[in-house]
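As C-alpha cells, the structure follows; a few thoughts come after it.
The values are calculated or read from the model by the stated rules, or taken from the named source; none is laboratory data. In this text the structure is predicted, and so the values were computed from the model without any measurement. Cβ placement follows ideal geometry from the backbone for every residue including glycine, while neighbour counts extend to all protein chains displayed. Keep in mind that these areas ignore ligands, DNA and RNA; they rest on the heavy atoms of the full protein, side chains included. Shrake-Rupley method; radii C 1.70, N 1.55, O 1.52, S 1.80 Å.
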Amino acid sequence: MKIGVLGAGMMTEALAAGWVRAGHDVLIGGRTPGKATALAKRIGARAGTLREAAEFGDAVLVAVRREGLADTITATGGALAGKPVIDCGNAVDVTDFSQVTYQDGTSMAEEIARLAPGAHVVKAFNQAHASVWAMTPPAFDGRPLAVPFAGADEAKPAARTLISDLGAAPLDAGDLRQTRNLEAMAIVVIRLLSSGHDPRSVFAFTTSVPAPPPPADR
Ligand SMILES: NC(=O)c1ccc[n+]([C@@H]2O[C@H](COP(=O)([O-])OP(=O)(O)OC[C@H]3O[C@@H](n4cnc5c(N)ncnc54)[C@H](OP(=O)(O)O)[C@@H]3O)[C@@H](O)[C@H]2O)c1
C-alpha cells in the first residue's frame, strides 16, 4: 500500500518503520523539511511536503500534536478527500495531561473529519506509547497487542491492514463518535502511568458484557 504520513515525530518513526518493514511504500510529509528527510532516510521511506504525503497515500496517517492539527490539515489542500485517514493523536495538554476537546466535546479524529471534508477518518494507535509501536512485534505475555480502532467504515479495511502488518490485533470499537472515548481512555491511561500506577490492572473482568446495540442506535 502507498502510505502518506503527516508529521515527522516519535509516532511516525515507530509506526512508519514497521510499515516499511512490512513492504509498504511510505512518504513522510513534515512541517520541517529537514526533519522529515532525516527521518525518512533512517527508516527507508521517502520525504516530501504535507500536501505531497496526502496526495501520495492510498491511506494517510495523521501523527501531529494537537496544536498543529488545523495547520497540518489545511496544508494538505483538500487532498485527503475520499481517502482513509488514520488519526493516532491524543488531544492532551502536556502541562497537566488533561484532555482537550473541540466543539461540543468532539475528538481530534472528529476535528480532522470536520477540517477535511470527504475524508474517511478512523482513530487507531493512540492507546500505546511510541516505544510499544517500535516493538517487532508488539506482543505481551505471548499475545499480540490488541489495537482498538473506531471511525468511518470506509477506512476500516486500511486500519485493519496497517494494524495487522505491525503484528498487532485489530479490534473494532465502533463509529466516529467512539473516537471520543478512545481519546478519553488514552488520557486516563497516561494519567495513571504518570502517577506511577499500572493501567493494565484496570482491565480484568469476571463476567462477559452484553453486546452493544447496532451503531445507528449508539
Ligand atoms: N509519543 C507517543 O508515545 C504517543 C502515543 C500515542 C499517541 N500519541 C499522539 O500522536 C501524535 C504525535 O505524537 P508524537 O509523539 O509523534 O509527537 P512529536 O514527536 O512531538 O511530533 C509531532 C509532529 O507534529 C508536528 N507539528 C505540527 N505543528 C505543530 C505544532 N504547532 N506544535 C508541535 N508540533 C507540531 C511536528 O512538526 P515538526 O516536525 O516541525 O516538529 C512533528 O512532526 C500526538 O497527537 C500524540 O498525542 C503519541
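Scanning the stretch 29-45 for residues that are within 16 Å of Ala63 (Cβ to Cβ), in contact with a helix residue (DSSP H, G or I) (Cβ under 9 Å, 6 or more places away or on another chain) and open to solvent by 50 Å² or more (accessible area, probe 1.4 Å) yields Arg31, Arg42.
Yes or no, residue by residue, for (1) in contact with a strand residue (DSSP E or B) (Cβ under 7 Å, 6 or more places away or on another chain); (2) more than 18 Å from Ala158 (Cβ to Cβ):
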{"residue": "Gly82", "(1), (2)": "no, no"}
{"residue": "Asp93", "(1), (2)": "no, yes"}
{"residue": "Asp96", "(1), (2)": "no, yes"}
{"residue": "Val100", "(1), (2)": "yes, yes"}
{"residue": "Gln103", "(1), (2)": "no, yes"}
{"residue": "Thr106", "(1), (2)": "no, yes"}
{"residue": "Glu110", "(1), (2)": "no, yes"}
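Can you pull out every residue in the stretch 121-143 that is more than 15 Å from the chain's Cα centre (by Cα) and small (Gly, Ala, Ser)? Once the filter is applied, which keeps residues that are more than 15 Å from the chain's Cα centre (by Cα) and small (Gly, Ala, Ser), the stretch 121-143 yields Ala139, Gly142. Tell me yes or no: at least one residue of the stretch 52-75 is within 14 Å of the ligand (Cβ to nearest atom), outside any helix (DSSP H, G or I) and farther than 22 Å from Thr179 by Cα. No, every residue in the stretch 52-75 fails to be within 14 Å of the ligand (Cβ to nearest atom), outside any helix (DSSP H, G or I) and farther than 22 Å from Thr179 by Cα. Can you find a residue in the stretch 158-170 that is free of Cβ contacts under 8 Å to residues at least 60 places away in the same chain, within 15 Å of the ligand (Cβ to nearest atom), in contact with a Leu (Cβ under 8 Å, 6 or more places away or on another chain) and open to solvent by less than 40 Å² (accessible area, probe 1.4 Å)? Scanning the stretch 158-170, I find at least one residue that is free of Cβ contacts under 8 Å to residues at least 60 places away in the same chain, within 15 Å of the ligand (Cβ to nearest atom), in contact with a Leu (Cβ under 8 Å, 6 or more places away or on another chain) and open to solvent by less than 40 Å² (accessible area, probe 1.4 Å), so the answer is yes. Being free of Cβ contacts under 8 Å to residues at least 40 places away in the same chain, surrounded by fewer than 10 Cβ atoms within 10 Å (Cβ to Cβ) and of a type in the set (Val, Ile, Thr) holds for only one residue in Val202, Val209, and it is Val209. In the stretch 22-46, the residues that are in contact (Cβ under 8 Å) with a residue 12 or more places away in the chain and closer than 21 Å to Asp165 by Cα reach residues that are part of a loop (DSSP other than H, G, I, E, B) and of a type in the set (Asp, Glu) with C-beta atoms within less than 6 angstrom, at least six apart or across chains, in these pairs: Ala22/Asp165. Selection of the stretch 177-191 for residues being open to solvent by less than 20 Å² (accessible area, probe 1.4 Å) and not β-branched (Val, Ile, Thr) yields Leu182, Glu183, Ala186. If the condition is being surrounded by 16 or more Cβ atoms within 10 Å (Cβ to Cβ) and either away from the ligand (no atom under 16 Å from the Cβ) or within 30 Å of Thr74 (Cβ to Cβ) (or both), then the stretch 135-152 contributes Pro144, Val147, Pro148, Phe149, Ala150, Gly151, Ala152. Residues that are under 15 Å from the mean Cα position of the chain (by Cα) and within 19 Å of Leu182 (Cβ to Cβ) do occur in the stretch 14-36.
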